[in-house]
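The values are calculated or read from the model by the stated rules, or taken from the named source; none is laboratory data. Since the model is a prediction, treat every value here as computed from it, not as a measurement. Cβ sites come from the backbone with ideal geometry, for glycine too, and all protein chains shown count toward neighbours.
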Amino acid sequence: MVNVGFVGVGGIAHRHIRSLEQLGGNRIVAFCDTMPDRATAAADEHGGTAYTELERMLLTEELDAVFLCTPPFVHAEPIEAITARGIAIFSEKPPAFDLAQGRRALAAIGASGVVSNVGFMYRWMMS
């Protein structure tokens, strides 16, 4: 089983949650959002624990992977925090809000050596 957490539980996160549930082989254990109602609703619906603070979630849960579904301007700091703990990360697109944030995220991922991916879901589709 792969223990998965979500950071940002708005619209796109629910598509990823459904996909993970359909795939099986994983357990969604944590939901973090700055809007407590979103985190609580996701935890109530899918199981797991709701958080409003990323650091608390990372310190409390044993996570193998995190889906980062925050707005683009909130990517660099969570990527740094998640990868610093050696946790694999899937980040929604775009990978950064600007070049400086992109460089920060790339440096954090490179330094940690974790598996990472950016959600360009239609990249491999054939027309």
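Criterion first (in contact with a strand residue (DSSP E or B) (Cβ under 7 Å, 6 or more places away or on another chain) and modelled with pLDDT under 95) does residue 48 satisfy it?
Spelling it out, it is not the case that residue 48 is in contact with a strand residue (DSSP E or B) (Cβ under 7 Å, 6 or more places away or on another chain) and modelled with pLDDT under 95.
Which of the residues spanning segment 1-11 are within 19 Å of residue 120 (Cα to Cα) and either at pLDDT 90 or above or of a type in the set (Ser, Thr, Tyr) (or both)?
6, 7, 8, 9, 10
For residue 19, all conditions in the list (1) modelled with pLDDT of 95 or more; (2) surrounded by fewer than 20 Cβ atoms within 10 Å (Cβ to Cβ) hold save one; what is the number of the exception?
It is condition (1) that residue 19 fails.
Starting from residues that are more than 11 Å from the chain's Cα centre (by Cα) and not in a helix (DSSP H, G or I), keep the ones in segment 65-85 and report whichever is farthest from residue 17 (Cα to Cα).
85
Could you tell me whether residue 59 is in a helix (DSSP H, G or I) and either exposed (fewer than 12 other Cβ atoms within 10 Å of the Cβ) or among the hydroxyl-bearing types (Ser, Thr, Tyr) (or both)?
Criteria met by residue 59.
Touching a Phe, Trp or Tyr at 6+ places or on another chain (Cβ under 8 Å) and either surrounded by fewer than 12 Cβ atoms within 10 Å (Cβ to Cβ) or at pLDDT 95 or above (or both): which single residue out of 65, 84 fits that description?
Exactly one of 65, 84 is touching a Phe, Trp or Tyr at 6+ places or on another chain (Cβ under 8 Å) and either surrounded by fewer than 12 Cβ atoms within 10 Å (Cβ to Cβ) or at pLDDT 95 or above (or both), namely 65.
Anything in segment 91-115 that is assigned to a loop (DSSP other than H, G, I, E, B) and within 13 Å of residue 77 (Cβ to Cβ)? List them, or say none.
Hits for segment 91-115 are 96, 97.
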